[in-house]
Amino acid sequence: YRLMLEHSRQIIAGIKLAKKASGCTKVIIAIEDNKPRAIKVMYAALRASSGSENISVTAVKTKYPQGGERQLIRSILKKHVPTGTIPPMIGVVIVNVATAAAIAEAVIFDRPLTHRVVTVTGKAVAKPSNLYAAIGTPVKDLLEFCGGVTEKSAKVVMGGPMMGIAIADLNMPITKTTGSITILTKDQIGKAKFERRQTACIRCGRCLEVCPENLNPTKIAHAVKYGRLDIAEDHYISACIECGCCSFICPAQIELTGHIKTGKIFIAREKKKMPE
Ligand code: SF4
Ligand code: SF4
């Protein structure tokens, strides 16, 4: 968000470079409708920039998960990216604002990606802030810069509350993909989840209802749990965007997304895409 407000011209420059490199004919800058200031700033930057034909700004409904490639394509272009394929296979490329800004930095100013904007947020942070930090900075340094965490803090998450990964070691460095660090309180995690009172699946079907990719999360998670990666693959585990909606809704407190993420790692290892 801050990037759009403070570096709109750089983002537009990066978008034009990406447009040229990919050979695409039309660009849509999609911004959630709860960010009217960003929409205004980006629109003004676009109008002030020459050669912006076929580039437009559009507001999209604010809902979760909306930022994923497949969800954006469905929402804006009304196109479906078939399971097992990627957006370029249907002629679409998605670039986020941080990447667009980084493209401009690299191509125009010949500067490699050494820093990025990281949002440190959550009810348990003394001074929530947007920081321009060097890649490799330990999480603890960023938290210290933000005045530390309060006694209510219960979990430090690399990423957002739904898709992020909880970290146990605050010496962990940020990477080029770390957009945020979220500090959750015990109340936010929820008493039952905090105490890990997981029960058996009651077959309510809520996880199927909320899955934006129309998957069967309980079936996939169950298959992973019992080492049946073949069944997980038959149920399109790779199409999971790890949005966390299934875990969030599950009344039995089953960490469906956790099982699915683990299954994807196992499958990647089996296919020798990842080191042990
Ligand atoms: S995390 Fe769960 S709800 Fe989200 S895409 Fe994956 S299976 Fe579906
Ligand atoms: S939401 Fe939870 S309890 Fe309901 S079917 Fe899915 S895994 Fe089972």
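List of remarks:
- The single condition among (1) farther than 22 Å from THR119 by Cα; (2) in contact with a helix residue (DSSP H, G or I) (Cβ under 7 Å, 6 or more places away or on another chain) that LYS272 does not satisfy is (2).
- Selection of the range 32-66 for residues being outside any helix (DSSP H, G or I) and free of Cβ contacts under 8 Å to residues at least 24 places away in the same chain yields SER50, GLU53, LYS63.
- Residues that are within 15 Å of ligand 2 (Cβ to nearest atom) and either more than 21 Å from the chain's Cα centre (by Cα) or more than 16 Å from THR199 (Cα to Cα) (or both), drawn from the range 258-276: ILE260, GLY263
- Within the range 76-130, being under 20 Å from the mean Cα position of the chain (by Cα) and on the phi > 0 side of the Ramachandran plot holds for GLY84, GLY122.
- Check on THR177, touching a residue at least 24 places away in the same chain (Cβ under 8 Å) and of a type in the set (Ser, Thr, Tyr): no
- Of the criteria (1) among the small types (Gly, Ala, Ser); (2) under 25 Å from GLN66 (Cα atoms); (3) away from ligand 2 (no atom under 14 Å from the Cβ); (4) more than 23 Å from the chain's Cα centre (by Cα), which one GLY205 fails: (3)
- The residue that is farthest from ligand 2 (Cβ to nearest atom), among those in the range 248-257 that are in a helix (DSSP H, G or I) and either surrounded by fewer than 22 Cβ atoms within 10 Å (Cβ to Cβ) or among the basic types (Lys, Arg) (or both), is PHE248.
- Residues of the range 168-188 satisfying the condition of being modelled with pLDDT of 90 or more and touching a strand residue (DSSP E or B) at 6+ places or on another chain (Cβ under 8 Å): LEU170, ASN171, MET172, PRO173, ILE174, LYS176, THR178, GLY179, SER180, ILE181, THR182, ILE183
- The strands (runs of 3 or more DSSP E) located wholly in the range 102-160 that include 3 or more residues which are at pLDDT below 90 and within 15 Å of THR185 (Cα to Cα) occupy 153-158.
The values are calculated or read from the model by the stated rules, or taken from the named source; none is laboratory data. Just so we're clear, the structure is a prediction, and the values are computed from it rather than from any experiment. Counting neighbours? That spans all protein chains shown, and the Cβs are built from the backbone with ideal geometry, glycine included.
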